[in-house]
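Working notes for the structure below.
The values are calculated or read from the model by the stated rules, or taken from the named source; none is laboratory data. Fair warning: this is a prediction, and the values are worked out from it, not measured in the lab. So basically every Cβ, Gly included, is an ideal-geometry build from the backbone, and we count neighbours across all protein chains shown. All accessible areas refer to the heavy atoms of the entire protein, side chains included, with ligands and DNA or RNA removed. Shrake-Rupley method; radii C 1.70, N 1.55, O 1.52, S 1.80 Å.
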Amino acid sequence: MGIFDAVQLYGHEQVVFCSEPAVGLRAIIAIHDTTLGPALGGVRMWMYRDEEEALTDVLRLSRAMTYKAAVAGLNLGGGKAVIIGDPRTQKSEALFRAFGRFVESLGGRYITAEDVGTTTAEMEWIRMETRYVTGVPGRSGDPSPFTAHGVYYGMKACAKVVFGADSLANRTIVVQGAGNVARHLVEHLLREGAHVYVADIFPEKAQQLCHDIGGTPVEADAVYDIPCDIFSPNALGGVLNEETIPRLRCAIVAGAANNQLREEHADAQRLHDRGILYAPDYVINAGGLMNVAAELEGTYDPRRVLEKASDIYNTLLKLFRMARERNLLPTEAAAAIAEERLAAIRSLRVMSHARVCPSLP
Ligand code: NAD
């Protein structure tokens, strides 16, 4: 597929290719939609196989950000950036400052943040070149507790739909990934009396988490085969696919990972056909974005953010009801909610400012 075809496929407004050979910067910034506000989304640094893979990733991730903000009721647009490179060996101040200059050149249409392969340290380098960056230390901070809080309430909504009661006590929950979000999520689940299994591709991370707070560590590949009530993906994307969905032995899939479905429509259909309720990833994992949005509004209060993240419970109940009534998959209902809000705001008339007539005194 040609570049323009790929860009048109998802309806992006603007895609910027950033090159600074002096420091080895090769990056892409994708602005999907700014109807609701400036396009916000993290910058991912990854060893992409080729440029096409990087472009596909940034286009898909930035569109998900538009939908995430739209469903969460935030006044933000969708954007994302990728830097092609190995985050373990190719990071430097100059590289991230060069990236920061490209962000600055967009005049606030795109606001960056940390993502896979980047940390707050690089955000400080970017901040030397532009103020359009969030997640710098000393501000709203680590979004993971807020993301986990929202995922926890989202799981309860799923339980309400499937089991008729939202308590997670005595439910068996398999958590894939033992990273930042998983740690906070497992704390919530154990506090409520759930039986929790945890897996990570680095087994020592799962063992450490369980040693610190509880739960039972399991092998990374075993997660799809364990009989459970809820399977919770909190690692990387693409884990729900043709090979893994037939193996699942759960009633619900609900977790924080972005782009959990390898093939968006086909895999959502596969889950539905197996009678598994799927909580669309960008709806249930919006707590972190709510946290950043509060920082940008300048009225940061972590308690208010937690309240808003708890409301993912009601958002999901509404979404599942709409899916039932309109005979849609949950992913289709999520997209419909996002597109309806975007269309409504786009349809508002533009009020031009009164112009002062030059002949008036
Ligand atoms: P993290 O990097 O702290 O943790 C991810 C963990 O998953 C790591 O320990 C990694 O070793 C493990 N992992 C990778 N592949 C695996 C596999 N196949 N099986 C088992 N474990 C595997 O990341 P995080 O901040 O906890 O985020 C987790 C997911 O949630 C990511 O997909 C992220 O994009 C998404 N997300 C995070 C936030 C947030 O606030 N941090 C917000 C929205 C979405």
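Take every Cα pair under 8 Å whose residues are at least 6 apart in sequence, average their separation, divide by the length of the range 91-207, and the relative contact order is 18 percent.
A simple count of charges around Ala54, restricted to other residues whose Cβ falls under 14 Å of its Cβ and scoring Lys, Arg +1 and Asp, Glu -1, yields -2. For the pair Asn170 and Gln8 in one chain, pulling the backbone fully straight at 0.36 nm per residue adds 53.6 nm over the alpha carbon distance. Label separation (His353 vs Arg247): 5.9 nm, computed from points 7 Å beyond Cα along the C-beta direction. Other residues with beta-carbon under 11 Å from the beta-carbon of Arg101 carry, at +1 per Lys or Arg and -1 per Asp or Glu, a net charge of -2. Computed over protein heavy atoms with a 1.4 Å probe, the accessible surface of the chain works out to 47 Å² per residue. For the range 164-229, just say rounded, prolate or oblate: build the C-alpha gyration tensor, square-root its eigenvalues into a ≥ b ≥ c, call rounded for a/c under 1.5, and beyond that prolate if a/b exceeds b/c, oblate if not. Oblate, since a/c reaches 1.5 and b/c is not below a/b.
For the range 54-204, the share of accessible area belonging to carbon and sulfur comes to 49 percent (1.4 Å probe, ligands and nucleic acids excluded). When only Cα pairs under 8 Å and 6 or more residues apart are kept, what is the percent relative contact order across the chain? Worked out over the chain, it gives 15 percent. Of the cross-linked pairs Lys80/Lys308; Lys91/Lys205; Lys68/Lys205; Lys156/Lys318; Lys80/Lys205; Lys68/Lys91, which ones have a Cα-Cα span greater than 21 Å in the structure shown? Beyond 21 Å between Cα atoms: Lys80/Lys308; Lys91/Lys205; Lys68/Lys205; Lys80/Lys205; Lys68/Lys91.
The angle between the Cα long axis of helix 180-191 and the longest principal axis of the Cα atoms of the chain comes to about 40 degrees, rounded to the nearest 10. Note that the range 291-305 has calculated 3J(HN,Hα) couplings of 5, 5, 4, 5, 4, 5, 6, x, 10, 6, 9, x, 5, 5, 5 Hz, one per residue in order, obtained from phi through the Karplus relation 6.51 cos²θ - 1.76 cosθ + 1.60 (θ = phi - 60°); glycine and proline are x. Judged by the gyration tensor of its Cα atoms, with axes a ≥ b ≥ c, the range 201-321 is oblate; a/c meets the 1.5 cut and b/c is at least as large as a/b. On a C-alpha basis, how far is the centre of the range 286-309 from the centre of the range 157-232 in Å? Whole number, if you could? If you average the Cα positions of each part, the centres end up 25 Å apart. Per residue of the range 3-19, what does 6.51 cos²θ - 1.76 cosθ + 1.60 with θ = phi - 60° give for ³J(HN,Hα)? Whole Hz please, x for Gly and Pro, Karplus curve as stated. Once rounded to whole Hz, the list reads 4, 5, 4, 4, 5, 6, 3, 9, x, 5, 7, 7, 10, 10, 9, 10, 10.
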